[in-house]
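Everything below concerns the one structure shown next.
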Amino acid sequence: MEMCLNCLKEGQQGRITRLTVDTGLHRRLLDFGLTAGTAVLCLRKSPSGDPVLYRIRGTMLALRNKDSGAVFVEVAP
Amino acid sequence: MRKLCLVGNPNVGKSTLFNALTGLRQHTGNWPGKTVEVARGEYSYKGRDYFVTDLPGTYSLSSLSPEEAVTEEYLRGEEDFILALCDATCLERSLILVLQLLALGKPTIVCVNLMDEAQKEGLDIDLARLEKCLKVPVLPLSAGKKEGVEELRELLRQYFDGFLPVPSRPSLQDAAESYVQKAQDIAATCLSEQKGKKPNLTEKLDAVLLHPVWGYGVLFVLLLGVFWLTVQGANYPSQGLQWCFDRLGGLLWRGAEGLSLPTWLSGALLEGIYATVARVVSVMLPPMAIFFPLFTLLEDFGYLPRVAFLTDHAFASAGACGKQSLTMCMGLGCNAVGVTGCRIIHSPRERLIALLTNAFVPCNGRFPALLLLITFSFGGNGLRGAFCLLLCLLLCVAMTLLTSRLLSKTVLRGEASSFVLELPPYRRPRVGQVLLRSMLDRTLFVLGRAAAVAAPAGLLIWCLANLHLGNESLLGWTADFLEPVGSLLGMNGALLLAFLLGSPANELVLPIFLLILSPQGGSAGEIMSQNGWTWQMSLCAIVFFLFHWPCTTTLLTVKKETGSFKWTALAALLPTAFGALLCLLLTAIFRILG
């Protein structure tokens, strides 16, 4: 089942399927190893709900919902 | 020349290794904003000198931010031996940059740092295999414990002396994605996790520090704590320094008499220049010497990105970036440092917003004056004073957010930028190193600035105070001239003139003010009471202290960072406009209430 990255609940894991972000952000995400096929874990949401902390390849990254909305993940049902 | 450079991701321990290699034989740029300046140092080993450059942390060579572009530019231009640093706890991610570095085809050694941390987390790295995959030497390090540093020195010597062939690979340009894939493959073969991994410290701490309630609570308490420590802790050293300078001043006076210097000359030199510089240094140095080490300790520990995480939402809705909260914290120490620190914000639009609003946060130089006004009119022992200061700070934060929003709706219109923030694992801060570096960098720099800025200002003020028009000094005459504007703003002409003359450094405003009111001297409290100073005037003065044009050093820094007169003018205008408006408003309210 495919959904946006920002739809993941805290503690939920997913696998990235595709990215529809603009070049600048794409480059930045690539530097952190965010590519199709990478496993992502939603660690926690900020108290206001935005940004959200994810674990990717051992790194903890905070992303704004506006940006993670353009990243799609596959979640095991 | 034996030159080498340290390259790697942020938080990988480059600075720790750099310090371990060079010790005290190093210097940074004039503003020690972390990872923003290139640090250069040297060390001697077996009779030869080695020159080391610590490049800013970067995630990639084809980077988008000017801060990271420094690395790419440097490597393109220089022929240094590259020390590519990896984080053993984050091997896969670190390898992405390493692979890009190896593709440059320059002599490289890969150092895997933080081996001790990896061991604690139950990670096991097959270094021999890694070396085979990367085809360059791989050295394990725990730079914080100085483990592996001697081996590194020895290995470098062997390469430079020609005992070993220089390690490099043919330069290959590859698509960005393939580096990620390669890094993953290599890490998969070399990395293994032991069973029974303990839950790590970072996760446990973040559960509290990023908690919806406790997170903000801790932030609030920490800020209050740092504030209180700075304000209280600086008291005695400031008095001590002033005492020393007074003693020295006495000796200088006697020397001047001995040399039969004309009174106007000794007056100008000793009362004008020396006394002013002495005062600025004794007021300015102790708080900075406390604040910046504390701030750097928090940064070393890894807490600051958490602050950006907790505050990003508020800033994003103002059209700015969460990292602005960090530049504001730096501005608390010194606005010019805060302005330079804005380089950590990638988006040019958001960087400008942070730049232009940095002066809305009061720097260390304003604390003593603020505290004096608070104590004089609103009473207060140490804690109460700090609490009032915190209220002022909250007002400053609110105004910053308001102005940021205003800017992003008018002159700096644009979309909220993309925001990718890494939260590094918590690390034990290197206390000794931090304190020493902070003190050295700060001390030398502050002393330099004090002399450069306070000296001419002191001379000018002395001249104005001692040249007379009729039976009043020029200083008093100008103060009277400014009285109408001053009282319109709820203060008086003397304070307004003090603000103007104190433009080089906020520390000067209060002393100048007291000097104008009472050229003979006396305690602040006495002088203010004798001149009819009321609590309403204190309130307006406090507001204007918080919101007025930045000091000339800050303005010069803004000009340097933006390269534009337009933005510098706006940086001066914004806080002044708000300060004046607020003062006018307060005065009107006071008048209405009778």
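Some points to look at:
- Residue in the stretch B:243-264 that is part of a helix (DSSP H, G or I), among the acidic types (Asp, Glu) and more than 30 Å from B:TYR426 (Cα to Cα) present: yes
- Selection of the stretch B:1-14 for residues being modelled with pLDDT under 90 and crowded, with 23+ Cβ neighbours inside 10 Å yields B:ASN9, B:VAL12, B:GLY13, B:LYS14.
- Any hit, the stretch B:48-63, residues being open to solvent by 60 Å² or more (accessible area, probe 1.4 Å) and within 19 Å of B:VAL136 (Cα to Cα): no
- Residue in the stretch B:134-151 that is in contact with a Cys (Cβ under 6 Å, 6 or more places away or on another chain), open to solvent by less than 10 Å² (accessible area, probe 1.4 Å) and not in a strand (DSSP E or B) present: yes
- Single condition B:GLY322 does not satisfy, out of (1) open to solvent by 30 Å² or more (accessible area, probe 1.4 Å); (2) of a type outside the set (Ser, Thr, Tyr); (3) under 19 Å from the mean Cα position of the chain (by Cα); (4) within 14 Å of chain A (Cβ to nearest Cβ): (1)
- If the condition is being touching a residue at least 12 places away in the same chain (Cβ under 8 Å) and within 23 Å of B:LEU210 (Cα to Cα), then the stretch A:1-26 contributes A:LEU5, A:ASN6, A:LEU8, A:LYS9, A:GLU10, A:GLY11, A:GLN12, A:GLN13, A:GLY14.
- Selection of the stretch B:146-159 for residues being modelled with pLDDT of 85 or more and either within 15 Å of B:CYS5 (Cα to Cα) or of a type outside the set (Gly, Ala, Ser) (or both) yields B:GLU147, B:VAL149, B:GLU150, B:GLU151, B:LEU152, B:ARG153, B:GLU154, B:LEU155, B:LEU156, B:ARG157, B:GLN158, B:TYR159.
- Set B:LEU395, B:LEU390, B:LEU383, B:LEU371: member being outside any loop (DSSP other than H, G, I, E, B), open to solvent by 50 Å² or more (accessible area, probe 1.4 Å) and at pLDDT below 90: B:LEU383
- Taking the conditions (1) touching a helix residue (DSSP H, G or I) at 6+ places or on another chain (Cβ under 7 Å); (2) within 14 Å of chain A (Cβ to nearest Cβ); (3) within 24 Å of A:THR23 (Cα to Cα); (4) modelled with pLDDT of 80 or more in turn, B:GLU67 satisfies each one other than (4).
- Of the candidates B:SER178, B:SER142, the single residue that is at pLDDT 80 or above and of a type in the set (S, T, N, Q) is B:SER142.
- Applying the criterion of being surrounded by 13 or more Cβ atoms within 10 Å (Cβ to Cβ) and of a type in the set (S, T, N, Q) to the residues of the stretch B:193-221, the residue that is modelled with the highest pLDDT is B:THR202.
- Residue within the stretch A:49-70 that is open to solvent by less than 10 Å² (accessible area, probe 1.4 Å), more than 7 Å from chain B (Cβ to nearest Cβ), outside any strand (DSSP E or B) and touching a residue at least 12 places away in the same chain (Cβ under 8 Å) present: yes
This table checks each residue for (1) among the β-branched types (Val, Ile, Thr); (2) modelled with pLDDT of 90 or more; (3) closer than 30 Å to B:LEU205 by Cβ.
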residue	(1), (2), (3)
A:MET1	no, no, no
A:VAL21	yes, no, no
A:GLY24	no, no, no
A:ARG27	no, no, no
A:VAL40	yes, yes, yes
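- Set side by side, the residues A:GLY37, A:GLY24, A:GLY33 differ, and just one is over 24 Å from B:VAL307 (Cα atoms), facing chain B (nearest Cβ under 7 Å) and assigned to a loop (DSSP other than H, G, I, E, B), which is A:GLY33.
- Verdict on B:LEU209 being among the aliphatic types (A, V, I, L, M), closer than 23 Å to B:TYR426 by Cβ, within 12 Å of chain A (Cβ to nearest Cβ) and in contact (Cβ under 8 Å) with a residue 24 or more places away in the chain: yes
- Members of the stretch B:402-430 found to be of a type outside the set (Phe, Trp, Tyr) and within 14 Å of another protein chain (Cβ to nearest Cβ), listed by number: B:GLY414, B:GLU415, B:ALA416, B:SER417, B:SER418, B:VAL420, B:LEU421, B:GLU422, B:LEU423, B:PRO424, B:PRO425, B:ARG427
- Within the option set B:ASP116, B:ASP124, being part of a strand (DSSP E or B), open to solvent by 10 Å² or more (accessible area, probe 1.4 Å) and either under 20 Å from B:VAL138 (Cβ atoms) or in contact with a strand residue (DSSP E or B) (Cβ under 7 Å, 6 or more places away or on another chain) (or both) holds for one residue only, B:ASP124.
- In the stretch B:477-525, the residue that is nearest to B:PRO456 (Cα to Cα) out of those that are polar (S, T, N, Q) and open to solvent by 20 Å² or more (accessible area, probe 1.4 Å) is B:SER503.
- Condition broken by B:VAL98, with the remaining ones in (1) open to solvent by 20 Å² or more (accessible area, probe 1.4 Å); (2) part of a helix (DSSP H, G or I); (3) not aromatic (Phe, Trp, Tyr) satisfied: (1)
- Qualifying residue in the stretch B:349-358 (condition: under 28 Å from A:GLY69 (Cβ atoms) and surrounded by fewer than 21 Cβ atoms within 10 Å (Cβ to Cβ)): yes
- Screening B:TRP549 on (1) in a helix (DSSP H, G or I); (2) out of contact with any Lys or Arg (no Cβ under 8 Å at 6 or more places or on another chain) shows it passes everything except condition (1).
The values are calculated or read from the model by the stated rules, or taken from the named source; none is laboratory data. Keep in mind it's a predicted model, so treat the numbers as computed, not measured. Backbone-built Cβ (ideal geometry, glycine too); neighbour counts: all protein chains shown. Note: accessible area is taken over every heavy atom of the protein model, side chains too, but ligands, DNA and RNA are not part of it. Shrake-Rupley method; radii C 1.70, N 1.55, O 1.52, S 1.80 Å.
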